[in-house]
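Engineer: Sending over a structure as structure tokens; questions will come in a sec.
The values are calculated or read from the model by the stated rules, or taken from the named source; none is laboratory data. Note that the coordinates shown come from a computational prediction; the quantities given were computed from them, not determined experimentally. When we count neighbours, we look across all protein chains shown, and the Cβ atoms used for this are built from the backbone with ideal geometry, even at glycine. Protein only, heavy atoms only, side chains kept; ligands, DNA and RNA dropped before computing areas. Shrake-Rupley method; radii C 1.70, N 1.55, O 1.52, S 1.80 Å.
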Amino acid sequence: MNKNNTNIDYTLIFIVFLLGLVSCLTLYTVEPYLPANAPDNSYIRQAVWYIAGSILVAGVMLIDYDRFRQVSWYLYGIGMITLLMLFFGFPPQIIHTANNATSWFIFPGIGTIQPAEFFKVILVIVLAHIMVKHNEKFQLRTNNSDLWLLFKIMLISLPPMGLIAVQPDLGGFLVLAAIVGCMVLVSGIRWRVLFAVTMILLLFIGAAGVLSIMFPETVGATLEESVFKHVESRFYGWLQPEKYLDSGYQLKKAMMAIGSGQLTGKGLRDFEVDVPERHTDMIFTAIAEQFGFIGASIVITLLFLLIYRLLYIALQSNDQFGSFLVTGLIGMFAFQIFQNIGMSIQLLPITGLPLPFLSYGGSSTLTYMLAIGLALNIRSRTKQYMFD
């Protein structure tokens, strides 16, 4: 005997609501300190994006999440078309370039839209569909079937990853890589195959590291002539921000801002350190400077509870497609949270990644709300059995 669990996960909704409040409050406090080219009334705009995202969540919950599996290839095709349009710069009237990256469309009255953000969720849906279909066909696992699944995953994942990397958007590329890695771990591929593939990747990364140490000038010149010319400077700026003043400037300011908050913070709108991109990628520094270690810890706890709740939904789901979906979303959120906060405290190199639900941005906020809508959908349609 079973019944459908139609209860809405109010815990997850409440966590997202609190993060939204923190986001709008922080954007309100940093508004007078933003540069002239920053958007006006960013906190109001962010609130509008949250309202639009809430409507999107409600719309997603009205549709059985299994329907997304049926249209997964259409979504993938639309996503690839938008990325190809950015790659070829067509049509030029709506292509927007900022910080030497061509990653946005711009529309009058709406603003900029970043397709790479939405493709994160699209990739999760497509990979979940591929893995479920493969597992239904190959119920008896062999090395060949595992390698075939791995090949299909890479065949689908590498084209969008490449198009996003050449924009260049290293942060978006890394998020897609994290999604793929997380979903591969739960795909059913046996550990011996994963171990062998991981060793090959580690050898390749190790060889690249050795080459960069032995021939730094050659590697640096190669990077300088590629779309990844900013990677080397960011890497050295991360390791030695005091020496590389230009590339390490943002990190140095971020560390000063976080440290100046001390235990309880300086209070609302009491900023002494000018941190670039404080309303987007570096919003964590604004939280830490105003509210100190205690305030920053509360925000980190909320983000941890978000991941924990998604993990709970993935484990409770008795549908393979639903479990794979939420697992991919966990990989997306977990990597961005760890990377964003890690780069603010010099734990990781700086990449252009927003902090989920907190950083200003319409495309990113709508993407996160879409992901939450899928998770709530899966939870509400998970069947509960009497003897579970």
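Engineer: Which one is modelled with the lowest pLDDT among residues in region 234-252 that are open to solvent by less than 50 Å² (accessible area, probe 1.4 Å) and not in a loop (DSSP other than H, G, I, E, B)?
Structural biologist: Applying the first criterion (open to solvent by less than 50 Å² (accessible area, probe 1.4 Å)) to region 234-252 yields 237, 241, 247-248, 250-251.
The next check asks that each one be not in a loop (DSSP other than H, G, I, E, B); those that pass are 237, 250-251.
Details: GLY237: 82, GLN250: 90, LEU251: 91.
Per the stated criteria, the residue is GLY237.
Engineer: Taking ILE345, is it of a type outside the set (Ser, Thr, Tyr) and under 13 Å from the mean Cα position of the chain (by Cα)? Quick ask: steps written out before the conclusion?
Structural biologist: Numbers: of a type outside the set (Ser, Thr, Tyr): yes; under 13 Å from the mean Cα position of the chain (by Cα): no.
No; evaluated as a whole, the condition is false for this residue.
Engineer: Restricting attention to region 131-168, which residues are touching a helix residue (DSSP H, G or I) at 6+ places or on another chain (Cβ under 6 Å) and farther than 20 Å from PHE321 by Cβ?
Structural biologist: PRO160, MET161, LEU163, ILE164, ALA165
Engineer: Right, next: Tell me whether region 2-18 contains one or more residues that are surrounded by fewer than 16 Cβ atoms within 10 Å (Cβ to Cβ), in a loop (DSSP other than H, G, I, E, B), in contact with a strand residue (DSSP E or B) (Cβ under 9 Å, 6 or more places away or on another chain) and in contact (Cβ under 8 Å) with a residue 40 or more places away in the chain.
Structural biologist: Looking for residues that are surrounded by fewer than 16 Cβ atoms within 10 Å (Cβ to Cβ), in a loop (DSSP other than H, G, I, E, B), in contact with a strand residue (DSSP E or B) (Cβ under 9 Å, 6 or more places away or on another chain) and in contact (Cβ under 8 Å) with a residue 40 or more places away in the chain, one finds at least one in region 2-18, hence yes.
Engineer: On to the next question. Which condition breaks for PHE304 when tested against (1) crowded, with 17+ Cβ neighbours inside 10 Å; (2) over 16 Å from VAL57 (Cβ atoms); (3) not small (Gly, Ala, Ser)?
Structural biologist: Status for PHE304: all satisfied but (1).
Engineer: Same structure, new question: Being of a type in the set (A, V, I, L, M) and open to solvent by less than 40 Å² (accessible area, probe 1.4 Å) is the filter here; which residues of region 259-298 pass it? Steps first, answer last, please.
Structural biologist: Quick first cut of region 259-298, residues of a type in the set (A, V, I, L, M) only: 263, 268, 273, 275, 282-283, 286-288, 294, 296, 298.
Answer for region 259-298, where residues must be of a type in the set (A, V, I, L, M) and open to solvent by less than 40 Å² (accessible area, probe 1.4 Å): VAL273, VAL275, MET282, ILE283, ALA286, ILE287, ALA288, ALA296.
Engineer: Next question. Restricting to region 152-193, count the residues that are among the polar types (S, T, N, Q) and either in contact with a Gly (Cβ under 8 Å, 6 or more places away or on another chain) or outside any helix (DSSP H, G or I) (or both). Even if it seems obvious, please write down each step before you answer.
Structural biologist: Residues of region 152-193 among the polar types (S, T, N, Q): 157, 167, 187.
Add one more test, that the residue is either in contact with a Gly (Cβ under 8 Å, 6 or more places away or on another chain) or outside any helix (DSSP H, G or I) (or both), and what stays is 167, 187.
Residues that pass the stated criteria total 2.
Engineer: Taking PRO354 as meeting all but one of (1) on the phi > 0 side of the Ramachandran plot; (2) within 12 Å of the chain's Cα centre (by Cα), write down the number of the exception.
Structural biologist: Condition (1) is where PRO354 drops out.
Engineer: If we scan region 275-286, do we find a residue that is in contact with a helix residue (DSSP H, G or I) (Cβ under 6 Å, 6 or more places away or on another chain), in a helix (DSSP H, G or I) and among the small types (Gly, Ala, Ser)?
Structural biologist: Yes, region 275-286 contains at least one residue that is in contact with a helix residue (DSSP H, G or I) (Cβ under 6 Å, 6 or more places away or on another chain), in a helix (DSSP H, G or I) and among the small types (Gly, Ala, Ser).
Engineer: When the residues of region 330-349 are narrowed to those that are among the hydrophobic types (A, V, I, L, M, F, W, C) and more than 28 Å from ILE44 (Cβ to Cβ), which ends up surrounded by the fewest Cβ atoms within 10 Å (Cβ to Cβ)? Working first, answer last.
Structural biologist: From region 330-349, those among the hydrophobic types (A, V, I, L, M, F, W, C) are 330, 332-335, 337-338, 341, 343, 345, 347-348; that's our starting set.
Next, only the ones that are more than 28 Å from ILE44 (Cβ to Cβ) stay: 330, 334-335, 338, 345, 347-348.
Values: ILE330: 25, ALA334: 19, PHE335: 21, PHE338: 16, ILE345: 16, LEU347: 11, LEU348: 15.
Across region 330-349, the extreme among qualifying residues is LEU347.
Engineer: If you don't mind, there's one more thing I want to ask. List, please: which pairs have Cβ atoms under 6 Å, are six or more places apart or on different chains, and start with a residue in region 32-46 that is farther than 14 Å from THR112 by Cα and without any contact (Cβ under 8 Å) to a residue 60 or more places away in the chain and end with one that is open to solvent by 80 Å² or more (accessible area, probe 1.4 Å) and assigned to a helix (DSSP H, G or I)?
Structural biologist: Sorted first by the residue in region 32-46, then by its partner, the pairs are TYR43/TYR28.
Engineer: Here is a further query. Suppose we filter region 64-116 for residues that are within 28 Å of LEU325 (Cβ to Cβ), of a type in the set (Gly, Ala, Ser) and either open to solvent by 60 Å² or more (accessible area, probe 1.4 Å) or without any contact (Cβ under 8 Å) to a residue 12 or more places away in the chain (or both); how many remain?
Structural biologist: Result for region 64-116: 1.
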